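Chemist: This structure is in structure tokens; I'll ask about it shortly.
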Amino acid sequence: MNRLRLCTAIVRRETQILLVASRYPNHREPLWHLPGGRPEPGELLLETLARELREETGLALRDAALAYVSESNDLASDTHVTNVTFEVTALGEASTPHDDAHVVAVEWVERERIGARIAVKVIREPLLAYLDGDARRYFAYADAEISIEFAD
């Protein structure tokens, strides 16, 4: 089984959460999710978080606290995914990157619209539980019910 590590950021602005839409080769439409991504070789998770946040949104990471960990199995690609999510304070103004073919939109989304915006259950459910004050800090899915192919 392949292993994939991800880290993502919850960035709040009043009643809104920052989401990004990304294109993947095996999906016709972009998928909405939290900013974040895969560590580069030797990179620690907070370093990954800062880099991905800057690349995908233009924001600079100021502060981060662990929010929750989720894991799932992508049965179609035989991949085990571990995602570590942090609640962050960021500096700057969020914007869609002009030099990134992967991220096609960045948007502040009202809390009550997140459930409809994020189609992927293994991203949506832990995030909504956390935002609703659920005390769990670990979520597991034996079947992610989706497969994501990365362009690189």
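Just so it is clear, none of the values below were taken in a lab; they were calculated from the coordinates. From a predicted model like this one, the values you see are computed outputs, not experimental measurements. A quick note on method: Cβ atoms are made from the backbone with ideal geometry, for glycine too, and the neighbour counts reach across all protein chains shown.
Chemist: Could you list the trypsin sites (Lys or Arg not before Pro) in region 112-145 that lie in coil according to DSSP, counting only those with at most 16 other Cβ atoms within 10 Å of their Cβ?
Modeler: R136, R137
Chemist: Then there is this: Given contacts defined as C-alpha pairs under 8 Å and at least six residues apart, what's the relative contact order of the chain, whole-number percent?
Modeler: Relative contact order here is 31 percent.
Chemist: Now, a different point. First check a/c for region 62-152, with a ≥ b ≥ c the square roots of the eigenvalues of its C-alpha gyration tensor; if it is under 1.5, answer rounded, and if not, answer prolate when a/b is larger than b/c or oblate otherwise.
Modeler: Here region 62-152 falls in the oblate category.
Chemist: How much of the DSSP bridge set in region 1-133 is antiparallel, in percent, rounded to the nearest 5?
Modeler: Counting only bridges with both partners in region 1-133, antiparallel ones make up about 75 percent.
Chemist: Taking N as the number of residues in region 15-55, what value does Rg over Cα atoms divided by 2.2 N^0.38 Å take?
Modeler: This ratio for region 15-55 stands at 1.35.
Chemist: Let me ask something else about it. Please compute the alpha carbon radius of gyration of region 1-151, then divide it by the globular-protein estimate 2.2 N^0.38 Å. Two decimals is fine.
Modeler: 0.97
Chemist: Another one. Nearest 500 deg cm²/dmol is fine: what mean residue ellipticity at 222 nm does the chain get from its DSSP H runs of n ≥ 4 alone, each adding -39,500 (n - 2.57), divided by its residue count?
Modeler: Estimated from H runs of four or more residues: -5500 deg cm²/dmol.
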